[in-house]
Amino acid sequence: MSGLRLLQLQPCPNVMKPSFLSPTTKLPNLRATLLSSLSRFSSLCTNSDQINESSFGGSIAGDLLDYLNESWTQFHATAEAKRQLLDAGFHLLRENEEWDLKPGGRYFFTRNMSSLVAFAIGEKYNAGNGFLVIAAHTDSPCLKLKPKSASSKPGYLMVNVQTYGSGLWHTWFDRDLSVAGRVIVRSNDDSFVHKLVKVRSPLLRIPTLAIHLDRTVNTDGFKPNLETHLIPLLSTRCEESFLESKKNSPSSKACHHPQLLEVLSDELKCAADDITSIELNICDTQPSCLGGVNNEFIFSGRLDNLASSFCALRALIDSCQLSGDLSSEHAVRMVAFFDNEEVGSNSIQGAGAPTMFQAMTRIVSCLAHHNVGEGAVQRTIRQSFLVSADMAHGLHPNFMDKHEEHHQPEMQKGLVIKHNANQRYATSGITAFLFKEVAKIHNLPTQEFVVRNDMGCGSTIGPILATGVGIRTVDCGIAQLSMHSVREICGKNDKTICGLRFTPYQSIFMGSENVHSAESSFTFAPHPLKIQQVHTSSR
């Protein structure tokens, strides 16, 4: 089994004065300089034979599967991240309250129950120092219940849905489906509370039309009408019981089938009449699992992009779990998970909102104790670095002509750096170079992706955050197949990298206080990025 490649930023025994890179510096000389600067830390570089998964708290692949199976919706993904952060000693903040932050502290807040920002402050942090950020998103293409979901056709009760994002909707046919999401419930004291619900048993199904009634489907293609053909079956309809239940239901509940509300009330342990509002996704009930003859694949829904969210979350928690992990840190380590990426990020809980910029501003202001000096926030952002982590298109063996000839990333072959000249990705020559150079120093393979010129290109939250915050950004991800299908696939040896672990010093990703402008100069802090290979066994 090939080793799992874990990017881990580790502490240095000594803090060294940064070296300076001018526009005329030759890159080979720079690399030699970096190698020389890092040579004293060679003992920190550990090969795969010296590391086992127990060093990181158990099976990373198993933990990922648990996270995926728990996170049916963006709400559940955020709730699970919140649970893990609280268990790890992070303190919950509220955006509408005053913050009291301390160096060495670990904090997080949520928004809309579907986005989250968590951060750990280095004990040596000073106002103007940078942020190390990994950003991902919690949402995936799916079907969502319409505000009035109750529908019926001769003999059947149906559930009206709307499409969310750009899903491969034909893959949702003939799957065992159910519902999960958020509801608002009236309490005994007439207050209202949010509750999450997940119905694990299959309730719904979208049946395909038999080939006998669609003889040309295999030659002309399956082209369902998304309004009329993509309606899940809930049950057969007994006319008398249906009319009686509808008659007895309050008018506010007539939007949804009483039978569905009864199922939800059973899960929530409340009366059906106490359910005042629902926000539900249609979800595939098949659990995430390992697959392939050697268990080398992960088969799951929502890999895009919960797999990246898991990596970032695990990275932050693992790098802050010991008492001394923040003692030599000069920066702020941060992860940010956003909702609504699949539909453009333009929401209060999406990356288009100023959430991350506002959080960075508040952190700087709180820690500076009103002695921030001129441009402290702006200086902080110029010294910060963002990794936009989102899944990448792996080479499809049956559709190789869909990939650009010289940019064909494969599963199990390392991180994929995404490039697009039209700024669909935020990677620049500088950020790509930094990312690759560190990987080269430690023999970590990276891959690069460019879409064909005759095809459209997707995008990520990278350009949105780079534009909104003004932060230096690289877009990267893990190669996968079947992106936006109800059931996706990626390589276990890629996905269990467990993210980009944070450095207690500024990494060489970071600019220094001597940077005059990104266009004219750049500074490297020669602190080592430790890259390990880790073996994990099948779960």
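For TYR164, what charge total do you get from the other residues with a beta carbon under 10 Å from its beta carbon, if Lys and Arg give +1 and Asp and Glu give -1? Walk me through the numbers before you get to the answer.
Working: positive: LYS144; negative: ASP139, GLU342.
Net of charged neighbours comes to -1.
Mind listing the phi-derived Karplus ³J(HN,Hα) values for region 474-484, rounded to whole Hz, using 6.51, -1.76 and 1.60 with θ = phi - 60°, and x for any glycine or proline?
Values, residue by residue: 10, 9, 8, x, 10, 5, 9, 10, 6, 4, 6 Hz.
Efficiency by 1/(1 + (r/R0)^6): what FRET value for ASN443 and HIS369, r their Cβ-Cβ distance, R0 = 41 Å, to the nearest 0.05?
0.40
Subtract the Cα-Cα distance of ARG205 and SER151 from 0.36 nm times their separation in residues, and report this length gain in nm to one decimal.
Details: separation 54, 0.36 × 54 = 19.44 nm, distance 1.44 nm.
Length gained between ARG205 and SER151: 18.0 nm.
Using only the alpha carbons of region 366-408, determine the length spanned along each of the three principal axes and report them from longest to shortest in whole angstroms.
Largest to smallest, the principal-axis extents are 60, 17, 9 Å.
Taking θ as phi - 60°, what are the ³J(HN,Hα) couplings along region 458-473 by the Karplus curve (6.51, -1.76, 1.60), each to the nearest whole Hz, with x for Gly and Pro?
x, 9, 9, 6, x, x, 5, 6, 4, 6, x, 9, x, 9, 5, 9
Suppose the chain between PHE399 and GLU98 were pulled fully straight at 0.36 nm per residue; how much longer would it get relative to their current alpha carbon spacing? Walk me through the numbers on the way to the answer.
On the way: separation 301, 0.36 × 301 = 108.36 nm, distance 5.39 nm.
Going from the current span to full extension adds 103.0 nm.
Can you compute the FRET efficiency between ASN126 and PHE222 using 1/(1 + (r/R0)^6), with r the Cβ-Cβ distance and R0 = 45 Å? Round to the nearest 0.05.
Numbers: r = 60 Å, r/R0 = 1.33.
E(calc), rounded to 0.05, equals 0.15.
For LYS418, LYS195, give me the order by solvent-accessible area with a 1.4 Å probe, most accessible first, ignoring ligands, DNA and RNA. Before the final figure, lay out each step's value.
Numbers: LYS418 5, LYS195 75 Å².
Largest to smallest exposure gives the sequence LYS195, LYS418.
Can you give the local net charge around GLU404? Use residues other than it whose beta-carbon is closer than 15 angstrom to its beta-carbon, Lys and Arg +1, Asp and Glu -1. Show your work: numbers first, answer last.
Details: positive: LYS402, LYS418, ARG424, ARG452; negative: ASP401, GLU405, GLU410, GLU448, ASP454.
Net of charged neighbours comes to -1.
Once fully extended, how much extra length lies between GLN378 and ARG83, figured as 0.36 nm per residue of separation less the alpha-carbon to alpha-carbon distance? Spell out each step's value before the answer.
Values: separation 295, 0.36 × 295 = 106.20 nm, distance 3.28 nm.
Stretched fully, the GLN378-ARG83 segment lengthens by 102.9 nm.
Taking LYS102 as the anchor, which aspartates and glutamates have their alpha carbon closer than 16 Å to its alpha carbon, excluding any fewer than eight residues away along the same chain?
The qualifying aspartates and glutamates are GLU123, ASP325, GLU329.
Does region 293-352 come out rounded, prolate or oblate, given a ≥ b ≥ c as the square roots of the eigenvalues of its C-alpha gyration tensor, rounded meaning a/c under 1.5 and, failing that, prolate meaning a/b above b/c?
Details: a/c = 4.28, a/b = 1.20, b/c = 3.55.
Oblate, since a/c reaches 1.5 and b/c is not below a/b.
Checking the a/c ratio against 1.5 first, then a/b against b/c, what shape does the Cα gyration tensor give for region 119-232? Could the numbers behind the result be given before it?
On the way: a/c = 3.73, a/b = 1.65, b/c = 2.26.
Oblate, since a/c reaches 1.5 and b/c is not below a/b.
Just add up the charged neighbours of PRO463: K/R +1, D/E -1, any other residue whose Cβ is under 10 Å from the Cβ of PRO463.
Numbers: positive: ARG424; negative: ASP475.
That sum, taken over residues with Cβ under 10 Å, equals 0.
Less than 12 Å apart at the alpha-carbon level, and either on another chain or at least 8 residues along: which aspartates and glutamates does that give for LYS223?
In chain and number order, the partners are ASP214.
If you count only protein heavy atoms with a 1.4 Å probe, what accessible area per residue comes out for region 389-498, rounded to a whole Å²?
Numbers: 4320 Å² over 110 residues.
Spelled out: the 1.4 Å probe surface of region 389-498, per residue, equals 39 Å².
Do any of LYS413/LYS492; LYS198/LYS492; LYS82/LYS195; LYS82/LYS269 go past 19 Å between their Cα atoms, and which?
On the way: LYS413/LYS492 11 Å; LYS198/LYS492 27 Å; LYS82/LYS195 15 Å; LYS82/LYS269 23 Å.
Where the Cα-Cα span goes over 19 Å, the pairs concerned are LYS198/LYS492; LYS82/LYS269.
How large is the accessible surface per residue of region 119-166, computed with a 1.4 Å probe and reported in Å² as a whole number? Mind showing how you got there, number by number?
Working: 1600 Å² over 48 residues.
Per residue, region 119-166 has an accessible area of 33 Å².
How large is the Kirkwood hydrodynamic radius of region 359-433, in angstrom, based on all distinct alpha carbon pairs? Before the final figure, lay out each step's value.
Details: mean 1/r = 0.0629 Å⁻¹.
It works out to 15.9 Å.
When you have a sec, figure out the Kirkwood radius of region 132-195 from all distinct Cα pair distances and drop it here in Å to one decimal? Walk me through the numbers before you get to the answer.
Numbers: mean 1/r = 0.0656 Å⁻¹.
Kirkwood hydrodynamic radius for region 132-195: 15.2 Å.
Can you pull out the GluC sites (Glu not before Pro) in region 55-140 whose DSSP state is coil and whose Cβ has at most 14 other Cβ atoms within 10 Å? Write down the numbers at each step before the final one.
Numbers: sites: GLU70, GLU80, GLU95, GLU97, GLU98, GLU123; in loops: GLU95, GLU97, GLU98, GLU123.
Answer in residue order: GLU95, GLU97, GLU98.
The values are calculated or read from the model by the stated rules, or taken from the named source; none is laboratory data. Please read these numbers as outputs of a predicted model, since none were measured by experiment. Virtual Cβ from ideal backbone geometry, glycine too; neighbours counted across all protein chains shown. Accessible surface areas use protein heavy atoms only, side chains included; no ligands, DNA or RNA. Shrake-Rupley method; radii C 1.70, N 1.55, O 1.52, S 1.80 Å.
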